[in-house]
1. What is the percent of Cα-Cα separations in region 2-49 that go past 14 Å?
2. Please give the per residue accessible area of region 113-175, computed with a probe of 1.4 Å over protein heavy atoms only, in Å².
3. Rank these by accessible area, largest first, 1.4 Å probe: GLU70, GLU6.
4. Quick one: compute the contact order of region 23-175, relative version, from alpha carbon pairs under 8 angstrom and 6+ residues apart, as a percent.
5. Ignoring ligands, DNA and RNA, please state the percent of accessible area on the chain from carbon and sulfur, probe 1.4 Å.
6. Let me check I've understood the local charge: for GLU6, count other residues with C-beta under 13 angstrom from its C-beta, Lys and Arg +1, Asp and Glu -1. What total comes out?
7. Got the relative contact order for region 18-75 handy, in percent, Cα pairs under 8 Å and 6 or more residues apart?
8. Can you give the net charge of the other residues whose Cβ lies under 13 Å from the Cβ of ILE28, counting K and R as +1 and D and E as -1?
Amino acid sequence: MIHLSEQTWIARVRGGADAPPRARMRDIVLSGIGGMAAISLLALLTTSVGVPALMAPLGASCFLVFAAHESPFAQPRNVIGGHLVSTIVGMLVLGVFGADWWAMGLAVGLSIAAMQVTRTGHPPAGADPIVVLLVNPGWSFLAMPVLLGAAIIVGTALIFNNLRSGPAYPRYWRG
């Protein structure tokens, strides 16, 4: 068992580093416009064309992909793979255990573990099993909105994130 003194624990909780510097205004504007474009396209497909392409966790994906695009969590493998893995876990838990309160916790915990095992960690995808257990969708949910939404976000990011100076997006595709 790990033993920390009370003083050590308090010092750890306080943190010691300063917040990172603010991004350049050009990058902030490109991030905002990129996120707006991606979600607007998904909303247009959903409301006007009738293609289900939108779910709440995709909004959080936009933050990572456009505002923290150098993060491993924002890479295409993680965005697309993380959403797919977590949704599959949610569908399996729903099918085996139903949508009980404890199954939601189990599904989220298993999706976290599955994303780590598959090296597709994407924090917004941790919400996908909750969506699945609340909505009780069919397996087509995996294609639309999950795969379609994640792919459109990544495609939009390929355009907007490469308009800025600095490292190219993506940093990698494969593991």
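1. Here the tail beyond 14 Å accounts for 72 percent of pairs.
2. Accessible surface, normalised per residue, equals 51 Å².
3. In descending accessible area the options line up as GLU6, GLU70.
4. Rounded, it is 34 percent for region 23-175.
5. Answer for the chain is 68 percent, counting heavy atoms of protein chains only.
6. Net charge around GLU6: +2.
7. Relative contact order comes out at 32 percent.
8. Local net charge: +3.
The values are calculated or read from the model by the stated rules, or taken from the named source; none is laboratory data. A quick note: this is a predicted structure, and the numbers were derived from the prediction, not measured. Here the Cβ is made from the backbone with ideal geometry for all residues, glycine too, and neighbour counts use every protein chain on show. When the accessible area is computed, the model is the full protein with side chains, heavy atoms only, and any ligands, DNA or RNA have been set aside. Shrake-Rupley method; radii C 1.70, N 1.55, O 1.52, S 1.80 Å.
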